[in-house]
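The values are calculated or read from the model by the stated rules, or taken from the named source; none is laboratory data. Only a predicted model underlies this, so the values are computations on that prediction, with no experimental measurement involved. Cβ placement follows ideal geometry from the backbone for every residue including glycine, while neighbour counts extend to all protein chains displayed. Protein only, heavy atoms only, side chains kept; ligands, DNA and RNA dropped before computing areas. Shrake-Rupley method; radii C 1.70, N 1.55, O 1.52, S 1.80 Å.
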Amino acid sequence: MISILPEAGVKDIEEIKLQMAESTDLNDWHFLVGSDDAINKLFNSFESDLSLNKDLSSEHAFIIDKQMSLRGRNDDPELGMVYGYDTYLIANLNKRMMDDIRVLLAEYRFAFKKNRDEKIQKDER
């Protein structure tokens, strides 16, 4: 998990970590700091219909795959196109985001097995 903060938020990182640590395992959570321009550029690269708040925050969580592509869904029965997952609605995180992460992990496992099997076949020749 990665959170990206503007340079103005650096002083708040430790307080944020303390508050989150009460209910969240932060071992695999990374906090990156970027300039306002870099954060806007990254967010705009998602090409979503969402926007950042004035303080460069967002209520949405995003899934970015290894190819640096925004993952989501275009056929959600309730929401239609989903670019980001609204963190205020736990149901979105539990239902949609977790399902989409499972799909992504299954794709990675399939690709790993396929590459492994192709390597074994190549080595046997």
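Long-range amide H contacts for THR87: which residues qualify at under 5 Å (H placed 1.01 Å from N, peptide plane, sequence gap of 5 or more or a different chain)?
HIS60, ALA61
As a test of reading the structure, rank MET1, MET81, MET68, MET20 by solvent-accessible area (1.4 Å probe, protein chains only), most first.
MET68, MET1, MET81, MET20
Which residues' amide hydrogens lie under 5 Å from the amide hydrogen of VAL82, considering only partners 5 or more residues apart or on another chain, with H built in the peptide plane?
ARG73, ASN74, ASP75, ASP76
First select every other residue whose beta carbon is under 10 angstrom from the beta carbon of ARG96; then total the charges, Lys and Arg +1, Asp and Glu -1.
My count for the surroundings of ARG96 gives -3.
Under a crude label model (7 Å from the Cα following the beta-carbon direction), how far is ASP49 from ALA61 in nanometres?
Distance between label points: 2.3 nm.
Pairs to check: LYS66/LYS119; LYS95/LYS119; LYS66/LYS113; LYS66/LYS114. Give those whose C-alpha atoms are more than 26 Å from each other in this structure.
Going by Cα-Cα distance, LYS95/LYS119 fall outside the 26 Å limit.
Please arrange GLU15, GLU22 by accessible surface area, largest first, computed with a 1.4 Å probe and ligands excluded.
Solvent-accessible surface, decreasing: GLU22, GLU15.
Keeping all protein chains in place and using 1.4 angstrom, which order do ARG73, ARG116 fall into by accessible surface area, from largest down?
ARG116, ARG73
Using DSSP, restrict attention to beta bridges with both residues in the stretch 4-125 and report what percent are antiparallel, rounded to the nearest 5.
Expressed as a percentage, antiparallel bridges in the stretch 4-125 total about 65.
No solvent, one uniform scatterer per C-alpha: report log10 I(q)/I(0) for the chain via the Debye equation at q = 0.09, 0.17 1/Å, two decimals.
With one equal scatterer per Cα and no solvent, log10 I(q)/I(0) is -0.35, -1.02.
If I take every Cα pair under 8 Å that is 6 or more residues apart in the stretch 60-125, average their sequence separation and divide by the length, what percent do I get for the relative contact order?
The normalised contact order for the stretch 60-125 reaches 22 percent.
Find the relative contact order for the chain and round it to a whole percent, using C-alpha pairs within less than 8 Å whose residues are 6+ positions apart.
17 percent
Karplus couplings for the stretch 18-29 from phi (6.51 cos²θ - 1.76 cosθ + 1.60, θ = phi - 60°), rounded to Hz, Gly and Pro as x?
Once rounded to whole Hz, the list reads 4, 5, 5, 4, 5, 10, 9, 7, 9, 4, 10, 9.
Spelling out what I want: for every residue of the stretch 40-53, take phi, set θ = phi - 60°, compute 6.51 cos²θ - 1.76 cosθ + 1.60 (Karplus), and round to whole Hz; glycine and proline get x.
4, 5, 4, 4, 5, 5, 5, 6, 9, 8, 9, 9, 7, 6
Quick query: amide H of PHE31 versus all other amide H atoms, modeled in the peptide plane; which residues come in under 5 Å with a sequence gap of 5 or more or a different chain?
Distant-sequence amide H within range of PHE31: SER3.
Averaged per residue, what accessible area in Å² does the chain show with a 1.4 Å probe, protein chains only?
77 Å²
Which value at 222 nm does the chain reach when only helices count, each DSSP H run of 4 or more adding -39,500 (n - 2.57), with the total divided by all residues and rounded to the nearest 500 deg cm²/dmol?
After summing the helix terms and dividing by residue count, I get -12000 deg cm²/dmol.
Roughly to the nearest percent, how much of the accessible area of the chain is carbon and sulfur, given a 1.4 Å probe?
Carbon-and-sulfur percentage of accessible area, whole number: 53.
Translational diffusion coefficient, Stokes-Einstein: compute it for the stretch 73-123 using the Kirkwood radius over C-alpha pairs as Rh, at 10 °C and 1.306 mPa s, and state it as an integer in µm² s⁻¹.
123 µm²/s
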